[in-house]
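What follows is a short report on a single structure.
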Amino acid sequence: MDRRAGDVTRSADAPEGRGSGRRLANLLLPGTDRRDVPSTATGVGRTVERWRRRRAEIWVGTRFAVVPDHLWFGVSRADQALLRGLPGEMMLALRDVTSVETEPGVLTGIVAVHHERGVLRFRCWRAGAVAAEVAAAARDAR
């Protein structure tokens, strides 16, 4: 899932956590429709996949970190095993962020990071604090 500058791209290496360090989140993969992603699931995984396909959106488990120049996501090995073709790591350049807001969610809030080519959404605990941290880091990156 390589993307141009301003979109989510693969990361060459995992960042050293600064600021938020590494936290857990569920990332809504941008520009993908679950019906287009081939699955390698078997057994119980197939049942989970059928349920997920009906939703037609891909939320994957990740670790994330806000580092000086980008927002980094490391996709969980379980989701990489279930959904063929997912990159292990992705990142969004903070200089391309135009605004950050929170959206309501069930149990966890959703952080919506608007950038030059769209919106990146991820669910996490303490979404308001994370959104403020991402917004501050984006201001510092410009």
Which pairs have Cβ atoms under 6 Å, sit 6 or more apart or on different chains, and link a residue in the range 77-89 that is closer than 17 Å to residue 57 by Cα to one that is open to solvent by less than 40 Å² (accessible area, probe 1.4 Å) and assigned to a helix (DSSP H, G or I)? 82/45
Subset tally (residues that are over 23 Å from residue 129 (Cα atoms), aliphatic (A, V, I, L, M) and open to solvent by 10 Å² or more (accessible area, probe 1.4 Å)) for the range 63-96: 4
Could you run through the range 78-103 and say how many residues are at pLDDT 90 or above and outside any strand (DSSP E or B)? 3
Scan the range 113-142 residue by residue and report those that are open to solvent by less than 50 Å² (accessible area, probe 1.4 Å) and without any contact (Cβ under 8 Å) to a residue 24 or more places away in the chain. 114, 129, 136
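The values are calculated or read from the model by the stated rules, or taken from the named source; none is laboratory data. Every value quoted in this text rests on a predicted model; they were computed, and no experiment measured them. Note that each Cβ is placed from the backbone with ideal geometry, even for glycine, and that neighbours are counted across all protein chains shown. Accessible surface is based on the protein model in full, side chains and every heavy atom, while ligands, DNA and RNA are left aside. Shrake-Rupley method; radii C 1.70, N 1.55, O 1.52, S 1.80 Å.
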